[in-house]
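Structure, as structure tokens:
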Amino acid sequence: RMDIKVYLKEHLPCALVYFTGNTNFNRALRNYCDRACVELAKSYHPLANRLKLDDKHLQPCLWIKKPRQKRSEAYHEDMGPPIPIKSEGSVFQVLGLSYVPTFMRVRM
């Protein structure tokens, strides 16, 4: 099976990061955005408490979980516009991480 996806030019950097890493790498990067970037998210929007990374955007968001609600039932609400990303390397730069070359993303 082969999937073919078409992206707008502004979505390409996030798509490259997303599709050149294996499941563990992508999960670790999304968890980092979700848990370690609270202050960074607030610098983009005062109500944001997380960053959401997907194959199109890196975006500040508000993670909402009601009391006694399962984590799987919680959700993200986008807060403001996506963070401008110019290149694949700038995804890591914005997050304050060292660039991970493509060939190393499959070994994690």
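For the pairs Lys52/Lys86; Lys9/Lys66; Lys5/Lys70, flag any whose C-alpha to C-alpha distance is greater than 25 Å.
Numbers: Lys52/Lys86 17 Å; Lys9/Lys66 37 Å; Lys5/Lys70 33 Å.
From the list (Lys52/Lys86; Lys9/Lys66; Lys5/Lys70), the Cα-Cα distance tops 25 Å for Lys9/Lys66; Lys5/Lys70.
Using each residue's phi in region 58-63, evaluate 6.51 cos²θ - 1.76 cosθ + 1.60 at θ = phi - 60° and report the 3J(HN,Hα) Karplus result to the nearest Hz, with x for Gly and Pro.
10, 9, x, 8, 10, 8
Name the residues whose placed amide hydrogens come within less than 5 Å of the amide hydrogen of Arg50, ignoring near sequence neighbours (fewer than 5 apart) on the same chain.
Cys61, Trp63
Pick from Lys65, Lys52, Lys86 the residue whose mean-square fluctuation is largest in a GNM of the chain, springs joining Cα atoms under 10 Å.
Highest fluctuation of the listed residues: Lys65.
Find the relative contact order for the chain and round it to a whole percent, using C-alpha pairs within less than 8 Å whose residues are 6+ positions apart.
29 percent
If you take every residue apart from Asp54 with its C-beta less than 13 Å away from the C-beta of Asp54, what net charge results, scoring Lys and Arg +1 and Asp and Glu -1?
+3
What is the spread of the Cα atoms of the chain along each of their three principal axes, largest first, in whole Å?
41, 29, 27
In deg cm²/dmol, rounded to 500, what helix-only [θ] at 222 nm does the chain give when every DSSP H run of at least 4 residues adds -39500 (n - 2.57) and the total is split over its residues?
-10000 deg cm²/dmol
How much length is gained on full extension from Val6 to Ala36, taking 0.36 nm per residue of separation minus their Cα-Cα distance?
Full extension of this stretch gives 7.7 nm more.
Each residue of region 72-85 in turn: what ³J(HN,Hα) in whole Hz from Karplus with 6.51, -1.76, 1.60 and θ = phi - 60°, glycine and Pro shown as x?
Coupling constants for region 72-85: 5, 9, 6, 8, 9, 10, 4, 10, x, x, x, 6, x, 10 Hz.
For the chain, what is the accessible area per residue in Å² when the probe is 1.4 Å?
67 Å²
Under a Cβ-Cβ cut-off of 9 Å, what is the net charge of the residues other than Tyr18 that fall near it, where Lys and Arg count +1 and Asp and Glu count -1? Let's see the in-between values first.
Numbers: positive: Lys56; negative: Asp54, Asp55.
Result for the neighbourhood of Tyr18: -1.
Dipole of the chain, Cα-centred, from +1 at each Lys and Arg C-beta and -1 at each Asp and Glu C-beta, to the nearest 20 debye? Could the numbers behind the result be given before it?
Details: 18 positive and 10 negative charges, 86 e Å.
That gives a dipole near 420 debye.
Counting only C-alpha contacts under 8 Å and six or more residues apart, can you give the relative contact order of region 47-89 as a whole percent?
On the way: 65 pairs, mean separation 15.4, N = 43.
Answer for region 47-89 is 36 percent.
Most mobile of Tyr44, Tyr75, Tyr18 per a Gaussian network model of the chain (Cα springs, under 10 Å)?
Maximum fluctuation in the GNM of the chain, among the listed residues, is at Tyr75.
The values are calculated or read from the model by the stated rules, or taken from the named source; none is laboratory data. Values in this document were obtained by computation on a predicted structure and should not be read as measured data. Heads up, the Cβs are rebuilt from the backbone with ideal geometry, glycines too, and the neighbour counts pull from every protein chain shown. Calculation scope for accessible area: heavy atoms of the full protein, side chains included, ligands and nucleic acids excluded. Shrake-Rupley method; radii C 1.70, N 1.55, O 1.52, S 1.80 Å.
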